[in-house]
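The values are calculated or read from the model by the stated rules, or taken from the named source; none is laboratory data. This structure is a prediction, so every number in the text was calculated from the model and none was measured. Methodologically, a virtual Cβ is constructed for each residue, glycine included, from the backbone with ideal geometry; neighbour enumeration extends over all protein chains shown. Quick note on the areas: whole protein, heavy atoms, side chains included, nothing else; ligands and nucleic acids left out. Shrake-Rupley method; radii C 1.70, N 1.55, O 1.52, S 1.80 Å.
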Amino acid sequence: MQTWSLVSICVLLGVVVRWGVSLNYYSGAGKPPMFGDYEAQRHWQEVTYNLPVQEWYFNTTDNDLNYWGLDYPPLTAYHSWICAYIAKMINPEWVELHKSRGYESPAHKLFMRATVLVADLLIYIPAVVLYCLYLTDGSSKKKVSTLLCFLLYPGLILIDYGHFQYNGVSLGFALWGVLALGLGWDVLGSMAFSLALNYKQMELYHALPFFFYLLGKCVKLGLMGRGLFLLARIAVTVLVTFALCWLPFLSDPSQTMQVVRRIFPVARGLFEDKVANTWCSLNTLIKIRSILSSESQLYLSFACTLLAILPSCIRLLTKPTFWQFKLALANSSLAFFLFSYQVHEKSILLAALPVCLLLNNLPLMAVWFLQASTFSMLPLFLKDGLLVPYVVTSLAFLFFSIYLLSALERCSEEELRLGSLP
């Protein structure tokens with residue numbers, strides 16, 4: 001009973017911090033004509049509510065794809081439609097076709113911030129609570145301490161509640177997948193991760209560890225017996241989940257291909273200005289985009305990403321333990337962040353999630369990485385006027401992590417050696 005009281009306090013504190021950050025500026029506030037990600041999310045609500053499904057991803061007179069055109073998978077579009085339906089009931093002006101472009105008001109800001117919080121309360125926060133309580137080692141006090149630090153990770157809070165996005169939805173689904181796999185519910189885990197992929201295509205950062213962990217488990221059980229049955233159940237679950245998410249777009253091949261083209265914009269080149277990976281850094285010395293064709297850039301990115309991921313995935317295939325799975329998730333997401341195509345600075349959140357899973361085992365390394373990942377987005381926070389929330393949330397996270405997780409006390413060579421851990 002005492003543990004759940006502490007959990008409630010942690011969740012309440014996490015909610016208070018989130019709402020406190022939400023009172024600050026958001027991306028593109030008062031900056032026409034394109035505004036920012038806040039307007040992008042509002043515009044998707046406008047489009048999905050007013051236009052038929054068949055036009056959501058197509059350039060039409062009512063849907064200018066050059067103005068924040070929908071470029072995420074169908075589940076994001078359905079979420080936008082649900083938010084728009086509620087917005088329409090509160091104030092039709094918020095989602096009025098064409099006329100609502102660039103709409104800003106205190107009431108609308110309150111509504112948009114509330115949609116992020118509700119999504120977190122339904123998807124992300126419950127997954128964090130259950131993971132920390134059932135899949136971390138140690139006493140109840142240690143589990144609650146890990147939970148509080150997990151919930152106070154400043155990077156995700158500042159992006160979702162400051163800058164404005166819904167990263168907690170896709171990361172929450174992915175975490176539900178991790179939780180299910182850790183508890184041995186492989187089919188449910190596959191379904192949860194499929195939902196994450198159908199919400200944001202960037203969840204491909206975590207896809208190979210999920211694939212190799214489940215395949216390794218099936219091989220271990222025997223591909224001529226129980227392993228084959230498990231593999232078949234997982235395959236059917238993934239196919240059915242994808243089919244249901246894509247159902248409105250499957251009747252016409254041109255519809256399907258247009259959605260694919262929108263969510264994988266390979267024609268835009270290896271990187272743009274909002275990037276933070278190897279190619280952007282290398283470009284200061286070698287002008288890759290001038291030397292290589294777009295197709296060659298794509299192949300180079302794919303090859304380097306795959307080479308960086310394969311070692312941990314092969315080990316995961318031969319030794320499918322939950323610990324190896326968590327390490328592979330961190331390695332895979334970092335490999336994608338460093339070498340993949342069209343990487344934005346916010347993509348570091350996809351690497352931060354698996355590192356959060358290691359807070360209990362490797363507190364010093366995890367806290368250091370999470371602080372560095374938040375710092376890497378500082379130019380974006382400065383642009384959005386979020387310097388004060390950045391400083392306050394980063395210091396709070398550092399204080400609680402050092403005090404509750406004893407990060408500075410567990411830093412011997414033996415304790416930091418990955419091989420000595422489970």
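Here is a yes/no grid of residues against (1) open to solvent by less than 10 Å² (accessible area, probe 1.4 Å); (2) free of Cβ contacts under 8 Å to residues at least 24 places away in the same chain:
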position: Val15; (1), (2): no, no
position: Tyr25; (1), (2): no, no
position: Lys31; (1), (2): no, yes
position: Phe35; (1), (2): no, no
position: Tyr38; (1), (2): yes, no
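Determine which member of the set Pro92, Pro73 is in contact with a Cys (Cβ under 8 Å, 6 or more places away or on another chain) and either of a type in the set (A, V, I, L, M) or modelled with pLDDT of 95 or more (or both).
Exactly one of Pro92, Pro73 is in contact with a Cys (Cβ under 8 Å, 6 or more places away or on another chain) and either of a type in the set (A, V, I, L, M) or modelled with pLDDT of 95 or more (or both), namely Pro73.
The condition of being more than 22 Å from Thr146 (Cβ to Cβ) and open to solvent by 60 Å² or more (accessible area, probe 1.4 Å) holds for only one of Ser347, Ser332, Ser290, that being Ser290.
Filtered by the rule that a residue be at negative phi and in a loop (DSSP other than H, G, I, E, B), segment 364-402 gives Ser376, Met377, Asp384, Leu386. Do we have Ser139 as farther than 19 Å from Pro320 by Cα, free of Cβ contacts under 8 Å to residues at least 24 places away in the same chain and more than 17 Å from the chain's Cα centre (by Cα) here? Judged against the criteria, Ser139 is a match.
For segment 224-240, the condition of being in a helix (DSSP H, G or I) and either surrounded by 24 or more Cβ atoms within 10 Å (Cβ to Cβ) or of a type in the set (S, T, N, Q) (or both) holds for at least one residue. Just one residue in the set Gly184, Gly177, Gly227 is on the phi > 0 side of the Ramachandran plot and not basic (Lys, Arg); that residue is Gly184.
The rows are residues; the columns are (1) of a type in the set (Asp, Glu); (2) touching a strand residue (DSSP E or B) at 6+ places or on another chain (Cβ under 8 Å); (3) without any contact (Cβ under 8 Å) to a residue 60 or more places away in the chain.
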position: Gly182; (1), (2), (3): no, no, no
position: Val187; (1), (2), (3): no, no, yes
position: Leu195; (1), (2), (3): no, no, no
position: Glu203; (1), (2), (3): yes, no, no
position: Pro209; (1), (2), (3): no, no, no
position: Gly216; (1), (2), (3): no, no, no
position: Val219; (1), (2), (3): no, no, no
position: Arg226; (1), (2), (3): no, no, yes
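For segment 254-261, the criterion of a residue being in a helix (DSSP H, G or I), open to solvent by 40 Å² or more (accessible area, probe 1.4 Å) and not aliphatic (A, V, I, L, M) is satisfied by at least one position. Answer yes if at least one residue in segment 89-102 is within 19 Å of Asp160 (Cβ to Cβ) and open to solvent by 40 Å² or more (accessible area, probe 1.4 Å), and no otherwise. Among the residues of segment 89-102, not one is within 19 Å of Asp160 (Cβ to Cβ) and open to solvent by 40 Å² or more (accessible area, probe 1.4 Å), which makes the answer no.
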